[in-house]
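The block underneath contains the structure these notes are about, expressed in structure tokens.
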Amino acid sequence: MQDGRIERGDDEARGPKKVFVKSYGCQMNVYDAQRMADALAPEGYVETAVMEDADLVVLNTCHIREKAAEKVYSELGRVRVLKQERAAQGAETQVVVAGCVAQAEGAEILKRAQVVDLVVGPQSYHRLPELVREARTKRVVDTEFPVEDKFSVLPRPEKDKVRSRGVSAFVTVQEGCDKFCTFCVVPYTRGAEVSRPVAAILDEIRGLAEAGVREVSLLGQNVNAFHGEDEKGRTVTLGGLFERVAAVPGIARIRYTTSHPRDMDEELIAAHRDLPQLMPYLHLPVQSGSDRILEAMNRRHTAVEYLRIIERVRSARLDIALSSDFIVGFPGETDADFRDTMRLVETVGFASAFSFKYSPRPGTPAADLGEQVPEETKSERIHALQELILNGQRAFNAVTVGKTVDVLIEKPGRHPGQLAGKSPWLQALQIEDTEARIGDIVKVEITAPGSNSLFGRRVEEQASA
Ligand code: SAH
Ligand code: SF4
Ligand code: F3S
């Protein structure tokens, strides 16, 4: 009684409870991981980057391709060993599978992996505190699409927490997808398209800006289909939202991802001309350059229509950097179809792009199509495509050498005396400079290309971009 130390339970003796969150997949999962940590903070959980230290391990998973989905099971193997080791030392570990695999597989995960205590889908993670408590006594699955809006009940992170996450932040503004491309699981894992109310988004961004955030990337599976309501009940499109975000004091840069060609409306294209805060970068997945394949994918546009959109965007913002996603080896893809894709890449001249081998996903229409393309063909095609994309990327970077641009300083550089930041075109730069502080936007001359990032030198003259 007299001695406090004897009174303290094991938990307290070990300090605050720790949560480790590992994210796979897209940027929305990175954002969700932060919000999960925020949801658990009022419960006394602090974040740790070391899985071995964690009382609560959350794997925030991705279901987009088979490889991504399988990663969770190999990771759970590691987690099982860790849980046993911690148990031997008298420490309990709770294991959560969240994200898109959780949504897609639900209770299957409990069957396949004994170590898992809780499965929670992307629409229920605001309930984590109660679910984690419940999962202490029994295994729990929550893959509901609840009526309440998770964003409206998630707690705001502390300013220090925001600052520790960096000066560039993600904010989900739209979630889900109604497009139903025949290869894709997202409409099933994330549900129908929902846009957040404008006031809630602006409130979140104001909070971030007050903590020092300078750049926001607005996220949505179909972000350019955004149609949020403002305070007066009027519908605001993404272009309109940008204007309001640009007016938030402190926010100097706006980015957005991912867009669908069908939703590139005039207002959004005009924003690229009119809003200096909107960075000259557009990620616009096209998937294929063949009309036949585009139709089979249910993309609902042709290659020429895509090229016309690119022309319109380029005439609004001459120096815009373009990026895309490609799938090779979609069922029925012939050499001629693939050549159309290669031709489209050459025609556009992307600053960067992602390409993937088609992966049949359970429950999607394309998985049941005949004419699945053999693995070797997929491999040959992806190598050729990636080389072409890499050449394009090198060409784009080479053209920027010698230019003076505004760079947002994000973190210390690789070597002493260097800082790391991003150009308006999302190029990673290593800059010779010791004066600038993280969060500053400084003028930098791009001096040389490198393998992962480019090199730059701080200059005083006017920026050209
Ligand atoms: N919502 C975004 C991104 C979806 S997932 C969009 O609509 O563009 C990111 C990328 O993964 C897609 O653009 C596509 O290129 C790729 N992808 C999706 N499903 C796939 C599958 N079954 N096999 C291979 N790649 C896939
Ligand atoms: Fe998937 Fe197509 Fe929706 Fe993108 S637009 S998330 S690829 S269904
Ligand atoms: Fe993956 Fe889900 Fe994102 S499937 S790509 S984590 S929306």
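Worth a mention:
- Annotation note: of 377, 341, the sole residue that is β-branched (Val, Ile, Thr) and closer than 16 Å to residue 285 by Cβ is 341.
- Filtered residue count, the range 222-254, keeping only those that are under 15 Å from residue 208 (Cβ atoms) and either free of Cβ contacts under 8 Å to residues at least 12 places away in the same chain or not assigned by TED's automatic domain parsing to the domain that holds residue 189 (or both): 1
- Failed criterion for residue 336 (all others in (1) more than 15 Å from ligand 2 (Cβ to nearest atom); (2) surrounded by 15 or more Cβ atoms within 10 Å (Cβ to Cβ) hold): (2)
- A Cβ distance below 7 Å, combined with a sequence gap of six or more or placement on separate chains, defines the contacts here; from the range 294-311, residues that are surrounded by fewer than 17 Cβ atoms within 10 Å (Cβ to Cβ) reach residues that are of a type in the set (Ser, Thr, Tyr) and assigned to a loop (DSSP other than H, G, I, E, B) in the pairs 298/182.
- Summed over the range 176-199, the residues that are in a helix (DSSP H, G or I) and either within 21 Å of residue 288 (Cβ to Cβ) or near ligand 1 (Cβ under 10 Å from one of its atoms) (or both) give a count of 2.
- Scope the range 81-118; condition under 18 Å from residue 36 (Cα atoms), touching a residue at least 24 places away in the same chain (Cβ under 8 Å) and not small (Gly, Ala, Ser); matching residues: 93, 94, 95, 96, 97, 100, 101, 103, 116, 118
- Any chance residue 217 is under 20 Å from residue 300 (Cα atoms), among the hydroxyl-bearing types (Ser, Thr, Tyr) and either away from ligand 1 (no atom under 16 Å from the Cβ) or within 17 Å of the chain's Cα centre (by Cα) (or both): no
- Of the residues making up the range 39-57, those that are in contact with a Leu (Cβ under 8 Å, 6 or more places away or on another chain) and either more than 30 Å from residue 90 (Cβ to Cβ) or crowded, with 20+ Cβ neighbours inside 10 Å (or both) are 39, 40, 45, 56, 57.
- Residue in the range 131-150 that is assigned to a loop (DSSP other than H, G, I, E, B), without any contact (Cβ under 8 Å) to a residue 24 or more places away in the chain and surrounded by 19 or more Cβ atoms within 10 Å (Cβ to Cβ) present: no
- Filtered residue count, the range 366-379, keeping only those that are surrounded by 15 or more Cβ atoms within 10 Å (Cβ to Cβ), out of contact with any Pro (no Cβ under 8 Å at 6 or more places or on another chain) and not hydroxyl-bearing (Ser, Thr, Tyr): 1
- For the range 10-35, taking the residues that are charged (D, E, K, R) and at pLDDT 95 or above, the one that is nearest to residue 99 (Cα to Cα) is identified as 32.
- Within the range 314-334, the set of residues being within 23 Å of the chain's Cα centre (by Cα) and away from ligand 3 (no atom under 16 Å from the Cβ) comprises 320, 321, 322, 328.
- Residue match in the range 405-416 (condition: of a type in the set (Lys, Arg) and touching an Asp or Glu at 6+ places or on another chain (Cβ under 6 Å)): no
The values are calculated or read from the model by the stated rules, or taken from the named source; none is laboratory data. For clarity, every value in this text was computed on a predicted model and none was experimentally measured. All Cβ positions, glycine included, derive from the backbone under ideal geometry; neighbour counts span all protein chains shown.
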